Structure formats: structure tokens, C-alpha cells
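Colleague: Please see the structure below; I have some questions.
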Amino acid sequence: MTVDLTGKTALVTGARHGIGAATALALARAGARIAVCGRRDGDCNEPVAAIEAAGGKAFDQALDVGDIAGIRQRIDAAADRLGRLDILVNNAGVIEPMALLADLDPLAFDTAMRVNVAGPTAIIAAAWPHFTGSGGRIVNILSGAALRPLRGWAAYCASKAALLMLTQSVELEGSSAGIHCFGLAPGLVDTAMQAAILLSQTPPDPAAAK
């Protein structure tokens, strides 16, 4: 099935490489203009160049998902440059800390919850006013880890389960305004996150990761 997104705009987080970069490229190939987001200015120059080489339209946008206080300003800047916002993909996330609960660093756990849950929540709240009268589409990248516990992955499982509930909450509150939220668990993908899993001292079944 071919999807025509000509005239649409999209913002993708965590798009420096992996699933985020591939998602940005696919949206651009369908005709959308893309804000390709990484933590720092210039992080996404490579995927932007790939999109432009394929005839698409995109720009690099600094957006640190863990910097909650700075998210609204970054989203406003991207939306102003796009003209409006039609599609939001919350892809940025972290797998760390991978440790048994007895050894878990609570500050690292807090960071995971901030990046994987609080950040996407702040992004959605900041993006909400930029969706037009016709509404918008939000995609949160989930994981099989949202549905079952995995040894050594308490932070990732808990944060992805919270993101799943956030997805359902956004759909509940946004559907009347035409804002619909979807959760996507891509399954096993050869990304940098998978490499981190393989290097972990307590790796569970990698098929549960995004």
C-alpha cells in the first residue's frame, strides 16, 4: 500500500540513526516535510542529507528528550519552521540501566523514566497546539518489554509500560479533536540499542527489545 503524505509535515525524535532515521526517510519518501531530531545541533545532518538526496525535504532540529524544560521551545521552533505539525513520532529512548534490581542505580532509573516517558509526554503536550483543525497523528515507539517483565530490564520494561498507558491516554483525550495516538512495537531490529543489549552483563531475550 502506498501512502501519499504530500503537503504533510512530521517531526521524528531520536532520528540520528536506526529506526528514527529510517522512519524520517520513509515519511519523506511519502511526501512529508520532516524535522529530523537529535540531541544536539548537527546530529541529524546525515539522515537529512540522505532525505534531500532522495528528493525529499528535511532539516536538522536539536531536541534533547531528556531536557524537559527545553522541549517546548524546541517543538515551537520546529513547528514554526514546518508551518504546522501533522505527524509526531516519539522514537527517542534509552535501554540503560540494564541491571538486576539489587544492583540498580536509582538515579539511572530516574533518567530512563525521564527520557522514555516524561520526555515524550512533554513533547506531545508541546506539539498539541500545533496540530491543525484536521487533527494529527502521534506514534510512540513501544516494545514487547511493555507487556512483560524481563530479568535485568526493570527500567526499560517499566518505562515502556508507562509509555503504553500514555499512548492510550492521549488517544482517549485527543480523539475528539482528531488527534490520534498509536503505539508501535517494531520487534527485533539491528540497531545500536541491540548492540548495547549484546554487551550487557544481564541480557534477556533480545526479541523483546524494539
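Colleague: Are any of the residues in the range 10-18 more than 18 Å from the chain's Cα centre (by Cα), over 25 Å from GLU171 (Cα atoms) and of a type in the set (Lys, Arg)? Give the steps one after another, and end with the answer.
Modeller: Step one: of the range 10-18, the residues more than 18 Å from the chain's Cα centre (by Cα) are none.
Scanning the range 10-18 turns up no residue that is more than 18 Å from the chain's Cα centre (by Cα), over 25 Å from GLU171 (Cα atoms) and of a type in the set (Lys, Arg).
Colleague: Only residues in the range 10-38 that are within 17 Å of LEU82 (Cα to Cα) and of a type in the set (D, E, K, R) count as the first member; pair them with residues that are outside any helix (DSSP H, G or I) and open to solvent by less than 10 Å² (accessible area, probe 1.4 Å), Cβ under 8 angstrom, at least 6 apart or cross-chain, and list the lot.
Modeller: Close Cβ pairs (under 8 Å, with a partner that is outside any helix (DSSP H, G or I) and open to solvent by less than 10 Å² (accessible area, probe 1.4 Å)) amount to ARG33/THR9; ARG33/ALA10.
Colleague: In the range 87-130, what count of residues is obtained for those that are aliphatic (A, V, I, L, M), part of a helix (DSSP H, G or I) and in contact with a strand residue (DSSP E or B) (Cβ under 9 Å, 6 or more places away or on another chain)? Let's see the steps before the verdict.
Modeller: Start the filter on the range 87-130 by keeping residues that are aliphatic (A, V, I, L, M), which leaves 87-89, 92, 94-95, 98-102, 104, 107-108, 112-113, 115, 117-118, 122-127.
Right, trim to part of a helix (DSSP H, G or I) and you get 101-102, 107-108, 112-113, 115, 117-118, 122-127.
Still in the running and in contact with a strand residue (DSSP E or B) (Cβ under 9 Å, 6 or more places away or on another chain): 108, 123-124, 127.
Here the count works out to 4.
Colleague: From the list ALA22, ALA35, which one is aliphatic (A, V, I, L, M), within 13 Å of the chain's Cα centre (by Cα) and closer than 12 Å to ASP60 by Cα?
Modeller: Numbers: ALA22 fails: closer than 12 Å to ASP60 by Cα.
Result: ALA35 is the single residue among ALA22, ALA35 that is aliphatic (A, V, I, L, M), within 13 Å of the chain's Cα centre (by Cα) and closer than 12 Å to ASP60 by Cα.
Colleague: If I ask for residues that are out of contact with any strand residue (DSSP E or B) (no Cβ under 8 Å at 6 or more places or on another chain) and either within 15 Å of LEU27 (Cβ to Cβ) or without any contact (Cβ under 8 Å) to a residue 40 or more places away in the chain (or both), which ones from the range 68-86 would you list? So that I can check it myself, show each step before the final result.
Modeller: Just the residues of the range 68-86 that are out of contact with any strand residue (DSSP E or B) (no Cβ under 8 Å at 6 or more places or on another chain), to begin with: 68-73, 76, 80.
Correct list: ALA69, GLY70, GLN73, ASP80.
Colleague: Going by what's in this entry, would ALA155 be described as in a helix (DSSP H, G or I) and at pLDDT below 95? Break it down stepwise before answering.
Modeller: Values: in a helix (DSSP H, G or I): yes; at pLDDT below 95: no.
No; evaluated as a whole, the condition is false for this residue.
Colleague: Quick one: would you say GLY42 is of a type outside the set (A, V, I, L, M), in a helix (DSSP H, G or I) and open to solvent by less than 40 Å² (accessible area, probe 1.4 Å)?
Modeller: Numbers: of a type outside the set (A, V, I, L, M): yes; in a helix (DSSP H, G or I): no; open to solvent by less than 40 Å² (accessible area, probe 1.4 Å): yes.
No: the conditions fail for GLY42.
Colleague: Considering only residues that are at pLDDT 95 or above and in a strand (DSSP E or B), which ones fall in the range 131-152?
Modeller: Within the range 131-152, PHE131, GLY136, ARG137, ILE138, VAL139, ASN140, ILE141 meet the criteria.
Colleague: Among the residues of the range 128-144 satisfying the criterion of being open to solvent by less than 60 Å² (accessible area, probe 1.4 Å) and within 16 Å of the chain's Cα centre (by Cα), which is farthest from HIS180 (Cα to Cα)? Let's see the steps before the verdict.
Modeller: From the range 128-144, those open to solvent by less than 60 Å² (accessible area, probe 1.4 Å) are 130-132, 135-136, 138-144; that's our starting set.
Subset that is within 16 Å of the chain's Cα centre (by Cα): 136, 138-144.
Numbers: GLY136: 6, ILE138: 6, VAL139: 9, ASN140: 11, ILE141: 14, LEU142: 16, SER143: 19, GLY144: 21 Å.
Only one residue fits best here, namely GLY144.
Colleague: Quick check on the range 161-194: of everything there that is open to solvent by 50 Å² or more (accessible area, probe 1.4 Å) and modelled with pLDDT under 55, which residue is nearest to GLY93 (Cα to Cα)?
Modeller: ALA192
Colleague: Within the range 104-127, identify whether any single residue is crowded, with 21+ Cβ neighbours inside 10 Å, more than 14 Å from the chain's Cα centre (by Cα), within 21 Å of ILE19 (Cβ to Cβ) and modelled with pLDDT of 95 or more, and answer yes or no.
Modeller: no
Colleague: Of all residues in the range 55-86, count the ones that are of a type outside the set (Lys, Arg), open to solvent by 10 Å² or more (accessible area, probe 1.4 Å) and in a helix (DSSP H, G or I).
Modeller: Residues flagged as of a type outside the set (Lys, Arg), open to solvent by 10 Å² or more (accessible area, probe 1.4 Å) and in a helix (DSSP H, G or I) within the range 55-86 amount to 7.
The values are calculated or read from the model by the stated rules, or taken from the named source; none is laboratory data. Small disclaimer: the values here were computed from a predicted structure and weren't measured. Positions of Cβ are backbone-derived with ideal geometry, glycine not excepted, and every protein chain shown enters the neighbour counts. Accessible surface areas use protein heavy atoms only, side chains included; no ligands, DNA or RNA. Shrake-Rupley method; radii C 1.70, N 1.55, O 1.52, S 1.80 Å.
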